[in-house]
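Here, each number is a calculation from the coordinates, and none is a lab measurement. Remember, it's a predicted structure, so these values are computed and weren't measured experimentally. Cβ placement follows ideal geometry from the backbone for every residue including glycine, while neighbour counts extend to all protein chains displayed.
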Amino acid sequence: MSEACQIARKQDLPPPGGYKPIPYLRLPAKQYFSGYSVFGIYIGVTAVAAYLYNITAKRIQKNEIEMRSAKMAIYPMLLAERDREYLKQLRRNRDAEAELMRDVPGWEVGTYYGERVYKLVPPDTLVEPIFHEYYAHSSPTEWYRRAYHKFRC
């Protein structure tokens, strides 16, 4: 055993000439553009973006004016169609009431057993019915669709 302890061991020493120096200083990033060139590129990109925005904004404004003009032009016709359909439904309601009550003696359409319902209103005045009276003689799906209509944007 004494021979095993007598073996020459090699000590871990620095290489001849020493270790290389440790880099600890901050290395700034390489600059590809100067401040002036970056500002020039920014101005160029901004000018192009402003030009494209201006063209697009003008086109959008032109389309909005066109759509608004079309809506204003068609609006009176839509109101007339709505009123026409309203009067047609009132006529259908009156005809359905006449058909339904034809076997009842003394019944006149638009009256309650011959008596006017609204006595203070002139006879030729249109009395608009309430919602349920308006849809009284139509299908339940029409009433439900109208009563629970959801406007979508």
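Points worth noting:
- Listed values [x] 68; [y] 49; [z] 34 include one computed from this model; for percent of Cα pairs over 28 Å apart that value carries the label [x].
- Spatially close lysines, pair count over the chain: Cα under 23 Å, gap of eight or more or interchain: 4
- Under Karplus coefficients 6.51, -1.76 and 1.60, residue-wise ³J(HN,Hα) of the stretch 130-144 in Hz, glycine/proline x: 6, 4, 5, 5, 5, 9, 5, 10, 9, 6, x, 5, 5, 4, 5
- Positive-pole candidate from Leu87, Ala47, Gln61, dipole of the stretch 33-101, charges at beta carbon: Ala47
- Chain lengthening between Ala49 and Arg84 when straightened (0.36 nm per residue, less Cα-Cα): 7.5 nm
- Per residue of the chain, the DSSP helices (runs of n ≥ 4 H) give a summed -39500 (n - 2.57) that works out to -18500 deg cm²/dmol at 222 nm.
- Ordering 68-77, 133-142 by mean Cβ neighbour count within 10 Å, with the highest value first, yields 133-142, 68-77.
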